[in-house]
Amino acid sequence: MPQDDDALDSLVRKRIRALRVAQGWSLEELATRANVSQSTLSRIENGQRRLALDQLVTLARALDTSLDQLVENASDDVVSNPAIDRARGQMRWPIKAEPGMTVVRQRMTNPPPDQSARMRAHPGREWLVVLSGTAVLLLGNRRLRIETNQAAEFPTMLPHAIGAEGGPCEILGIFDRDARRGHQRGDDTGNAQP
């Protein structure tokens, strides 16, 4: 159990930093917005200071997200295969639907950025299915290949990037309203944005 706590602790610290960087804020700017010292914020991000609930609430507000999304545990169920209904000739992928969802079809030609490059994080959830080709999803420290007819669902609070592998790929993406707003801020990868 302590290993799970350490993993979540590390994930929360990465999310705080990734959200700060995605906003284009310096340590000083986020520290001011959260009413904490710059050195305290630096120690929180690099693991030299204990995470306190009151500070997490304040940081979540300053980062324009919820405490729930900031501390959400990463799911191992990222990639899924479709349920095939041969009688009706349909493929279905279960998703967690909610009001305000946006569906986008997009063609990608560029590979994902190198994992050492800045990946984006923002509030929300995304779901995508690869319609053709192969997509590569960088999710935190993981590199996931998503083949034609496979789907992935993930919280966008994890630093992420997506691109094509071995040629163009086409995806159908579904974004909740928070994820959609995160993508409207621009794209660093050169791939089409929903």
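Read-outs throughout are calculated quantities, based only on the coordinates presented, and are distinct from any laboratory measurement. Everything numeric here is computed off the predicted structure, so don't read it as measured data. All Cβ positions, even for glycine, are placed from backbone atoms using ideal geometry, and neighbour counts span all protein chains on display.
Summary of values
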{"read-out": "The stretch 1-73 and the stretch 126-170: distance between their alpha carbon centers, rounded to Å", "value": "26 Å"}
{"read-out": "Theoretical FRET efficiency, 1/(1+(r/R0)^6), r = Cβ-Cβ of Arg107 and Asn141, R0 25 Å, to 0.05", "value": "0.35"}
{"read-out": "Cα-projected label distance for Arg86 with Thr148, points at 7 Å along beta-carbon direction, nm", "value": "2.0 nm"}
